[in-house]
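The values are calculated or read from the model by the stated rules, or taken from the named source; none is laboratory data. The structure displayed is predicted, hence computed values, not measured ones. Quick reminder, even Gly has a Cβ in these numbers, built from the backbone with ideal geometry, and neighbours come from all protein chains shown. To get the accessible areas, we keep the full protein, side chains included, count just its heavy atoms, and leave off ligands, DNA and RNA. Shrake-Rupley method; radii C 1.70, N 1.55, O 1.52, S 1.80 Å.
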Amino acid sequence: MSNAPLMPKATAVWLVDNTALGFDQIAAFCKLHPLEVKAIADGEAAQGIKGMDPVLAGQLTREEIEKAANNPSYRMQIFESKVRVPENKRKGPRYTPVSRRQDRPNAILWLVRYHPELLDAQIMRLVGTTKPTIEAIRTRTHWNSAHLDPMDPVTLGLCSQIELDIEVEKAAKNAPKPMEGEEPQTLLSVDETTSEDAMAAAFATPAPKTREVEEEVDADAVFANFKSTGDSDEDEDER
């Protein structure tokens with residue numbers, strides 16, 4: 001609850017009409033200027049405002065009023081309720097400034113590409129978009145798909161890094177667990193990818209393949225072909 005009453009001027013009107021408190025005391029409690037409280041008492045301000053009883057509203061107690069009436073230097077303290085009423089959060093997509101709305105498709109493409117585990121509802125909360133837009137970007141049917149460039153929504157100012165980390169962590173917790181006996185697919189460590197064996201295997205050129213068994217050349221068959229060719233030439237000459 002705030003340090004000031006819900007309706008400061010209406011509360012001041014009631015205190016002026018129903019108590020013997022000083023202008024400074026009423027002004028300090030209602031967060032008003034003492035001259036404004038004096039104008040209310042003189043009928044020059046807050047005309048037509050109905051006074052509100054702070055005792056019935058649960059913002060002040062009778063004991064507190066009597067204590068202040070007996071001591072002009074005492075300042076009343078507003079009564080804080082022990083029951084905390086949660087603030088109503090606005091439902092719906094996040095509001096995005098007009099100057100940033102053109103960057104939302106690029107941010108959606110970045111989230112879809114680099115965080116495929118995120119649900120559509122999570123992307124909607126991060127960048128303030130709609131489900132049809134996300135689906136169009138996923139399936140490359142968006143009207144501007146050819147010119148989209150994936151960009152980090154944090155860099156674009158559409159969400160904070162903390163909000164992005166929270167959504168990614170939620171998505172990781174809700175991700176399906178691997179089957180028994182199936183090793184999760186993870187990236188290799190830096191030590192494994194930069195070791196001497198790994199670098200040698202990456203840059204090694206494959207050796208040319210050699211025939212393990214060379215074809216055997218039959219000399220009789222080769223000369224037989226030459227002989228048959230020569231006989232056919234002599235027959236043509238005789239003709």
Are any residues in the range 20-36 open to solvent by less than 30 Å² (accessible area, probe 1.4 Å) and in contact with a helix residue (DSSP H, G or I) (Cβ under 7 Å, 6 or more places away or on another chain), and if so, which ones?
-> Leu21, Gln25, Ile26, Ala27, Cys30
List the helices (runs of 4 or more DSSP H) that sit entirely inside the range 126-176 and contain at least 3 residues that are modelled with pLDDT of 90 or more and either open to solvent by 80 Å² or more (accessible area, probe 1.4 Å) or small (Gly, Ala, Ser) (or both).
-> 131-138
Count - residues of the range 40-61 that are of a type in the set (A, V, I, L, M), surrounded by 16 or more Cβ atoms within 10 Å (Cβ to Cβ) and under 11 Å from Lys9 (Cα atoms) = 4
Within the range 5-18, which residues are closer than 12 Å to Val55 by Cα and surrounded by fewer than 19 Cβ atoms within 10 Å (Cβ to Cβ)?
-> Asn18
Check off (1) modelled with pLDDT under 90; (2) in contact with a His (Cβ under 9 Å, 6 or more places away or on another chain) for Arg101 and give me the number that stays unchecked.
-> (2)
